[in-house]
Amino acid sequence: MAKVKPSPLPPDTLIGGYRVIRRVAAGGFGVVYQAIGPDGLQVAIKEYLPASLATRAPGALLPQVAPEKLSLYRLGLKSFFEEGRSLAQISHPSVVSVMNFFRENETVYMVMNYLEGASLQDYILIARDLKQEKVFRESTIRSLFDEILRGLRIVHQHKMLHLDIKPANIFITDDNKSVLIDFGAAREVLSKEGNFIRPMYTPGFAAPEMYRRDSAMGPWTDIYAIGACMYACMQGYPPNEAPQRMSNDRMTLALKRLKGVYSDNLIDVVLWCMSMDPLARPQSVFALQKELNRSGELRYTKLSVGEKVRLQFETMVSDTKNPAIKATNLGQKAK
């Protein structure tokens, strides 16, 4: 029998002087609400509420946590609070802005600026349905990730990692700003410390080291996810997940199909970012930015008709074995 998810706070609930309007989203580790602040401005409020540790009855305010899960719940709570404090120190247009964070109802709330627009995932799904040769233009991909990398570089300078970069967590605002949202400090702590909690990662976008508890994570872990997001913008689908790539890596073959559609440089950048060996990837955002912004004429390798036919056959065989091709959601969590 499936576990019942904790109920969100009902509309018109007051927390920290903010009035909840509606639930916007819910994930494994929290709930996001649209709310109105004391000054009348709209905000987004993220509530720490891990579904694997806590329950909450409809209409209730306090989460209920079993005694044997209380220490882990508090550990994640502390990490979530520290995440809010760290993000509040970052002021960059490409990083979600944390305006306030506070404890109430035996949990923590993070108040952020309310963004209007749509996620990169939404745009990819729309674009791929048009069935054009290019899902996104190369210039669009380069300018989009130039913005995101500027923000991610600041995050890394503050000794933070995102750990869940994917198209669903890149938000494109109505005034055409690209913003990184939904950071994962609490998720990472709970994944490492809770033996009975399955690690949370997004297949296709999670680096191979995220599947192993003994592996070091660093900027290179987020950079893998950036490469996977660029891949999704080029293909319209997420790449194969890391464990599948370990046994049968078709990444080079999949990207070779795009020769002549995208520049050799962009294809090489994606392959570099998505190397299975963390040490073979760019070790810093700066190194990736330098390559992505490299000036000069971009080279496009045109494939012959014979090469296209062979590639089409090989990739058709590969695609039938790839569950990601059948997915409609580029940000689905592992189960």
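Only one of the numbered conditions (1) assigned to a loop (DSSP other than H, G, I, E, B); (2) out of contact with any Gly (no Cβ under 6 Å at 6 or more places or on another chain) is not met by residue 19, and that is (1).
The set of residues in segment 37-52 that are free of Cβ contacts under 8 Å to residues at least 60 places away in the same chain and surrounded by 16 or more Cβ atoms within 10 Å (Cβ to Cβ) comprises 49, 51.
Just so you know, in segment 213-259 the residues that are among the β-branched types (Val, Ile, Thr) and surrounded by fewer than 24 Cβ atoms within 10 Å (Cβ to Cβ) include one that is modelled with the lowest pLDDT, and it is 252. Residues of segment 229-250 that are assigned to a helix (DSSP H, G or I) and within 18 Å of residue 165 (Cβ to Cβ): 229, 230, 231, 232, 233, 234, 235, 242, 245.
The residues in segment 66-87 that are in a helix (DSSP H, G or I) and farther than 12 Å from residue 160 by Cβ can be counted, and the count is 14.
In segment 128-146, is there at least one residue being outside any helix (DSSP H, G or I), assigned by TED's automatic domain parsing to the domain that holds residue 163, surrounded by 14 or more Cβ atoms within 10 Å (Cβ to Cβ) and of a type in the set (Phe, Trp, Tyr)? Looking for residues that are outside any helix (DSSP H, G or I), assigned by TED's automatic domain parsing to the domain that holds residue 163, surrounded by 14 or more Cβ atoms within 10 Å (Cβ to Cβ) and of a type in the set (Phe, Trp, Tyr), one finds at least one in segment 128-146, hence yes. When restricted to residues that are surrounded by 16 or more Cβ atoms within 10 Å (Cβ to Cβ) and more than 24 Å from residue 218 (Cα to Cα), segment 262-281 contains 3.
Scanning for something more than 24 Å from the chain's Cα centre (by Cα) and not assigned by TED's automatic domain parsing to the domain that holds residue 170, does segment 75-89 turn up at least one residue? No, that holds for no residue. Taking every residue in segment 160-185 that is farther than 17 Å from residue 93 by Cα and charged (D, E, K, R) and pairing it with any residue that is surrounded by 22 or more Cβ atoms within 10 Å (Cβ to Cβ) and at pLDDT 95 or above, at least 6 positions away or on another chain, the pairs with Cβ-Cβ distances below 7 Å are 166/205; 166/225; 166/229.
The values are calculated or read from the model by the stated rules, or taken from the named source; none is laboratory data. Just so it is clear, the structure is predicted and the values come from calculations on it, not from any experiment. Every residue, glycine among them, receives a Cβ derived from its backbone with ideal geometry; neighbour counts consider all protein chains shown.
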